[in-house]
Amino acid sequence: MKAYLMPMLAAALLTPAAVAQPAPSAPMAATAQQPQAPLTLADAVDLAQQYNSQLRALKAEVAALEARTVQAGARPNPTLDYLREGSAAEGGASSVQIAIPFELGGKRGARSDAALAELRVAQADLAAGPLRVQAEVVAAFQEAYLAGKRLELASQTSASAHQSSLSVGARVLAGKVSPVEETKAKVAEANLQVEAIQARRDLAEARIKLALLWGGDPGALVLTEPVIALPRAPDPAAIAARFAASPVMQRAAADLDWRTAAARLERSKRYPDVSLIVGQKREGIARERQTIVGLSVPLPLFDRNQGAITEAERRIDKSRAELALHQQRLYAEAAQAAVRLNAALDQERVIREEVIPGSQSAFAAARTGFEAGKFNFLDVLDAQRTLFQAQVQHARAISDAHRAAAELAALIGPTDSDNTTLLQQDVK
């Protein structure tokens, strides 16, 4: 029997197998680390790139699909059958046979192509992940820094209002101003204290949102001022040139390729697979050996995979429609981000060049005039609040500019005009 079985096993095992794929890379486990205080924007981006859970999930998905590509190229296993009919003493028969399946219709190639196409979709998601996470870090960091700036300014203004309230109280005792002025001063001081409480709440919430991006402790965060150059206004031609290579379009194109490959796989399943049967049979009291050779062919009478083929084709149509939708949405979102960036840059320039200097001058004049008895305290409060609001608006304009630039880079990829979206270190 061995003389017959060994050649058959050798033929089955030595049939050309799928080309060996590289071993899938296993994602490394990452443990969130606490940042060294004080935390810069570049440090926050680096922490998120290393320990962000979304990125780790994307890496794990790529590793899983790499393993699927290896499995997709495997050939089906042969089957070994043993049959016994009656007993040898009564002239019964026994047989041993091997069924070697052969896939027809290009199933194995279509299966490998579909697995590779799905892998490219996951790789496109992974390639877009760092830019998306970076945009989230920039937005959260700027929000947290802005809340801290508001708290700092509110505390300074509250302290100044407290000193002014004491000064007004002294002047009331001296009979130089009405007690109404002292009441106004105390009310203004209380309002500034309320604003400080709100700013402290916003800072705590922003720290939680920022630390969540790498799983850190929000209570340990001490942020430094993101002293980096303001992003430049984007060039419309550069934005248009980046559309085809943008992460969003790359992912949509990869999804269309995957759906097309999946449809080819479903079409290949229309063809039945053939199994070659070879074996040996012993029959009768003399136990004479007989060679068994046969074919096993499924008859596609009822199931021709029509439903799966139609479903795959409709998913191709869906991917084409989504590709057009992504292109339209990408254009609209990129245009909106560019508009926000230009508006933020214009606001920052006007506030820095005109509003803040004028507010500082008005506040200094009102305070000097109040001390000289030329102005009432309400004028000083108005000038002080105007200066406080101008400083907060300036910080918000800078924050909005960096956030818009980061969002634009996440949509179309970094361009030559990007400053904050290229993982550059803070300018000291």
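The values are calculated or read from the model by the stated rules, or taken from the named source; none is laboratory data. Predicted model only: the values in this text are computed from it and were never measured. Positions of Cβ are backbone-derived with ideal geometry, glycine not excepted, and every protein chain shown enters the neighbour counts.
Observations on the model:
- Residues of region 283-342 that are at positive phi and in contact with a helix residue (DSSP H, G or I) (Cβ under 8 Å, 6 or more places away or on another chain): ASN305 alone.
- Yes/no for LEU116 being in a helix (DSSP H, G or I), buried (at least 18 other Cβ atoms within 10 Å of the Cβ) and at pLDDT 90 or above: yes
- In the condition set (1) in a helix (DSSP H, G or I); (2) over 30 Å from ALA253 (Cα atoms); (3) acidic (Asp, Glu), ASP303 is compliant with all but (1).
- Among the residues making up region 133-171, those that are touching a residue at least 60 places away in the same chain (Cβ under 8 Å), more than 30 Å from the chain's Cα centre (by Cα) and crowded, with 19+ Cβ neighbours inside 10 Å are LEU153, ALA154, THR157, ALA161, SER164, VAL168.
- Filter pass, VAL187 being at negative phi, among the β-branched types (Val, Ile, Thr) and at pLDDT below 85: yes
- Residue that is surrounded by the most Cβ atoms within 10 Å (Cβ to Cβ), among those in region 255-296 that are β-branched (Val, Ile, Thr) and at pLDDT below 90: ILE292
- Among the candidates ALA364, ALA324, residue that is closer than 20 Å to HIS162 by Cα and surrounded by fewer than 14 Cβ atoms within 10 Å (Cβ to Cβ): ALA364
- Residues of region 38-53 that turn out to be assigned to a helix (DSSP H, G or I) and among the polar types (S, T, N, Q), as a count: 3
- Selection within region 91-108 - of a type outside the set (A, V, I, L, M, F, W, C), within 14 Å of PRO76 (Cβ to Cβ) and not in a strand (DSSP E or B): GLU103, GLY105, LYS107, ARG108
- Near pairs, Cβ below 6 angstrom, 6+ apart or cross-chain, from region 232-248 (under 12 Å from LEU408 (Cβ atoms) and in a loop (DSSP other than H, G, I, E, B)) to any residue that is of a type in the set (Gly, Ala, Ser) and modelled with pLDDT under 75: ARG232/SER417; PRO234/SER417
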